[in-house]
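The values are calculated or read from the model by the stated rules, or taken from the named source; none is laboratory data. Just so it is clear, the structure is predicted and the values come from calculations on it, not from any experiment. Every residue, glycine among them, receives a Cβ derived from its backbone with ideal geometry; neighbour counts consider all protein chains shown. What goes into the accessible areas is simple: the full protein's heavy atoms, side chains included, and nothing from ligands, DNA or RNA. Shrake-Rupley method; radii C 1.70, N 1.55, O 1.52, S 1.80 Å.
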Amino acid sequence: MSETVAVMSAAGVTVVVDGRGPGLPVVAYWGPELPGLDDEQVSALLRAAVGVTGSNAQDEPPPVAIIPEHKGGWTGRPGLRGSAGGAGWSPSFQITSFRPYGNGGPGLLEVEAADDAGRLALLIEIELLPSGLLRARATLTNQREETYGLEDLVLSFPLPAEATELLDFAGRHNLERVPQRAPLHVGLHTRENRRGRTGADSAYVLHAGEPGFGFARGRVWAVHTAWSGNHTHYAERVWSGEQRLGGGELLLAGEVRLARGEAYRTPWVYGSHGDGLDEVARRFHRHLRSRGRPVDSERPVSLNVWEAVYFDHRLDKLLELAELAAAAGAERYVLDDGWFGSRRDDTSGLGDWVVSPDVWPDGLHPLINGVKRLGLQFGLWFEPEMVNPDSDLAREHPEWIMSARDEWPVESRRQQVLNLGLPGAYEHVKTQILAILDEYAIDYIKWDHNRDLIEAGTQPTGEPGVHDQTLAFYRLLDELRAAHPALEIESCSSGGGRVDLEVLARSDRVWVSDNIDPHDRQHMLRWSAQLVPPEFLGSHIASDRNHVTGRRHDLAFRAGTAVFGHLGIEWDLTAAGDEQLGELGEWIAFFKEHRGLLLGGDLVRMDGYGDDVLVHGVVSPDRSAALIAMVTMASPYPDPPARLRFRGLDPRRPYRLRPLHPASHPPPWWDGDVVLSGAAIEHAGVAAPRVRPDQVVLYSADALRGPDGGNQA
């Protein structure tokens with residue numbers, strides 16, 4: 001290839017980056033794989049993409065760079081905004097180095113550029129990962145004496161003309177990941193998050209695709225900003241027809257001011273392309289499954305005692321819960337909030353990470369020893385970034401509270417935010433956590449973060465501190481992991497308020513929501529999986545009357561929902577009868593038997609059933625087996641519902657399809673197994689039973705022979 005053009009291909013995706021100038025590099029193509037591209041074809045592709053000048057447009061406008069530049073005539077959102085006291089607000093960059101690594105396959109491209117005033121230097125990294133994910137980030141360095149005030153630095157990718165429908169997410173505490181669709185009109189669709197954390201209402205993944213795209217079909221391009229602080233996702237169409245999809249960190253006023261030699265690096269902005277939402281999601285899943293610290297699909301079943309005891313910590317009750325959970329098959333025990341300082345309710349104690357002598361006169365040893373004797377792992381809850389005003393920490397160091405002025409910000413959940421950007425505060429919380437981890441045999445941390453960062457400044461000047469706070473949080477996780485390499489960490493933030501690829505580079509699962517009602521969780525699991533694979537999604541069996549919604553559900557619905565994630569229990573088992581405990585044990589045994597598939601298979605979500613019936617499941621990578629759920633969310637219409645259909649199997653292989661749980665009105669074929677090809681299961685389907693609302697029916701599909709025609713082992 002040309003020394004200034006890079007071509008990368010992986011997993012059915014091709015990316016072509018043009019560095020010939022003028023200006024910064026251009027992603028000239030991002031989409032389905034273009035096989036056999038040689039120098040001549042690449043040259044022809046780039047030449048054929050040059051358009052004519054429109055009416056009243058710039059003469060020979062250059063293509064839009066990955067960091068869109070105003071100086072080339074781009075009148076949409078610029079990629080870089082800032083100045084040195086008003087000077088240099090529209091820099092003119094030229095490439096000084098173009099270094100591709102990888103030849104035609106997955107690879108990394110590093111591009112260096114400098115502006116014409118000698119004020120700014122840029123390093124742009126563009127990478128196509130083996131999963132087919134595209135990602136990019138930029139590092140901006142100030143090279144002159146004048147301080148450069150950075151306001152915004154975002155990266156964006158091109159969208160083809162057919163991508164005219166948008167999908168992203170909204171939501172709230174206890175109802176995360178609510179999908180919303182809209183057409184892409186001329187102008188900006190901008191999702192700005194100013195919560196100081198990813199947010200229950202974040203865009204999460206912003207998609208643009210062919211009108212009517214679904215899980216199975218329709219070309220889709222998507223972006224995700226991998227950043228746990230303030231951030232932006234946006235889609236834009238300008239008057240001349242060009243379309244962009246991008247994101248980056250949202251910087252507060254004055255948050256990044258670069259002195260000479262100082263640099264700012266953006267978060268990674270990820271792009272995923274596929275035919276249908278499932279293919280887009282699987283690229284993110286494969287990326288997370290290939291990370292340096294893999295998450296095993298044989299994940300331990302957990303008991304979290306929060307909804308069983310809340311702040312009422314009594315050793316006898318807590319040990320009884322452990323015994324009942326172990327008897328049912330649980331493998332991990334998690335002690336939640338209330339074990340430290342003066343934390344007898346939610347009004348005090350946050351920030352004092354020492355075991356409470358009032359509640360635990362002998363420390364946590366009696367509980368942990370009892371749990372370990374049962375063969376269970378032990379986990380512990382922390383909320384290190386928060387502090388109650390009624391705490392020893394706040395009384396001793398009020399200056400460590402994040403604030404934009406003399407008085408503290410408005411309280412939320414009776415909490416303020418501890419400024420981890422201050423070395424003293426950072427070392428204090430790190431030392432207290434390490435002391436706990438060094439004394440006790442702790443396998444797992446549930447890391448909570450229960451309030452937004454409002455007026456998150458650094459005393460006494462009030463300078464904004466969300467950027468530094470986010471970096472300090474990452475550094476703290478890294479240091480704790482370095483000291484305790486086997487430690488597992490869950491990201492919890494008022495439920496699903498901190499879920500992004502950067503926190504998932506450092507944690508081993510996320511808590512989907514504080515709401516465990518299976519009716520709501522069906523939707524939240526369905527859409528949380530657009531970014532995160534099932535083995536990272538904390539998915540618990542709740543009590544029969546849900547503590548958030550008050551609804552009652554059968555154990556079969558609660559468990560049949562929860563097994564499609566990292567299974568746990570959030571239920572006062574001492575109040576459960578023998579029959580319920582026996583049924584719980586059966587569900588846990590089912591999960592253990594199938595968790596390699598449930599937590600390691602490819603996600604499949606079916607279109608065409610409306611909102612009242614959901615069909616989803618997982619297929620093994622070799623297409624030898626699948627587990628399928630058909631869920632009635634409301635009174636089905638028609639009744640019985642449409643046939644069960646499921647895709648993702650090998651169309652030519654025969655499969656034995658079996659129901660795994662009884663129904664009150666089963667169809668005739670349930671009297672014996674039915675054998676159908678993968679194509680027949682997808683296109684013809686089988687009759688569904690009549691079931692009541694809020695019920696799940698599970699099916700298995702097992703191949704009878706391998707793809708080569710031999711018997712399936």
query: Leaving out ligands, DNA and RNA, what percent of the accessible area of segment 175-258 is carbon and sulfur, probe 1.4 Å?
result: 50 percent
message: Would any residue of segment 480-499 have its amide N under 14 Å from a label point 7 Å out along Cα→Cβ of Arg413? List them or say none.
response: 491-499
statement: For segment 517-659, the percent of all C-alpha pairs falling in each 10 Å bin, from 0 up to the bin holding the max distance, is 11, 40, 36, 12, 1
- line: One checks the Cα atoms of segment 376-452 and finds Rg and Dmax, in Å, of 13.7, 48
Sum of -39500 (n - 2.57) over DSSP H runs of 4+, divided by residues of the chain (222 nm, nearest 500): -6000 deg cm²/dmol
Solvent exposure of the chain as accessible area per residue, Å², 1.4 Å probe: 38 Å²
- prompt: In the neighborhood of Gln530, defined by Cβ-to-Cβ distances under 13 Å, what is the net charge if each Lys or Arg adds +1 and each Asp or Glu adds -1?
  reply: 0
query: In what sequence, highest mean first, do 61-73, 381-393 appear when ranked by Cβ atoms within 10 angstrom?
result: 381-393, 61-73
Given charges at beta-carbon only (K, R positive; D, E negative), |dipole| of the chain in Debye: 1500 debye
query: If you project the alpha carbons of the chain onto their three principal axes, what span does each projection cover, largest first, in Å?
result: 79, 70, 41
- prompt: How would you order 524-537, 545-558 from highest to lowest mean count of nearby Cβ atoms within 10 Å?
  reply: 524-537, 545-558
query: Can you list the HN-Hα couplings for segment 410-424, worked out from phi with the Karplus curve (6.51, -1.76, 1.60; θ = phi - 60°), rounded to whole Hz and with x for Gly and Pro?
result: 4, 6, 9, 6, 6, 10, 10, 10, 7, 7, 6, x, 8, x, x
- prompt: So, with a 1.4 angstrom probe, what is the percent of accessible area on segment 508-667 that is carbon and sulfur?
  reply: 48 percent
task: Starting at the first residue of segment 200-205, write each ³J(HN,Hα) from the Karplus equation 6.51 cos²θ - 1.76 cosθ + 1.60 with θ = phi - 60°, in whole Hz, x for Gly and Pro.
output: 5, 10, 5, 4, 6, 9
field: Neighbourhood charge, 9 Å Cβ-Cβ cut-off, centred on Thr574 and excluding it, Lys, Arg +1 and Asp, Glu -1
entry: -1
Heavy-atom SASA rank of Ser620, Ser635 (probe 1.4 Å, accessible area, largest first): Ser635, Ser620
task: For Glu586 and Asp358, compute 0.36 nm times the residue count separating them, minus their Cα-Cα distance, and round to one decimal in nm.
output: 78.2 nm
field: Cut-off 13 Å between beta-carbons: net charge of the residues surrounding Leu350, Lys and Arg +1, Asp and Glu -1
entry: -4
query: If contacts are Cα pairs under 8 angstrom and at least 6 residues apart, what is the relative contact order of the chain in percent?
result: 9 percent
query: Say each of Asp544 and Thr75 gets a label point 7 Å from the Cα, pointing the same way as Cα to Cβ; how far apart are those two points in nm?
result: 6.7 nm
message: Under a crude label model (7 Å from the Cα following the beta-carbon direction), how far is Arg373 from Tyr101 in nanometres?
response: 5.3 nm
- line: By accessible area (1.4 Å), largest first, Lys592, Lys446 order as Lys592, Lys446
- line: Output ordering of 10-23, 577-590 (per-residue mean of other Cβ within 10 Å, highest first) is 10-23, 577-590
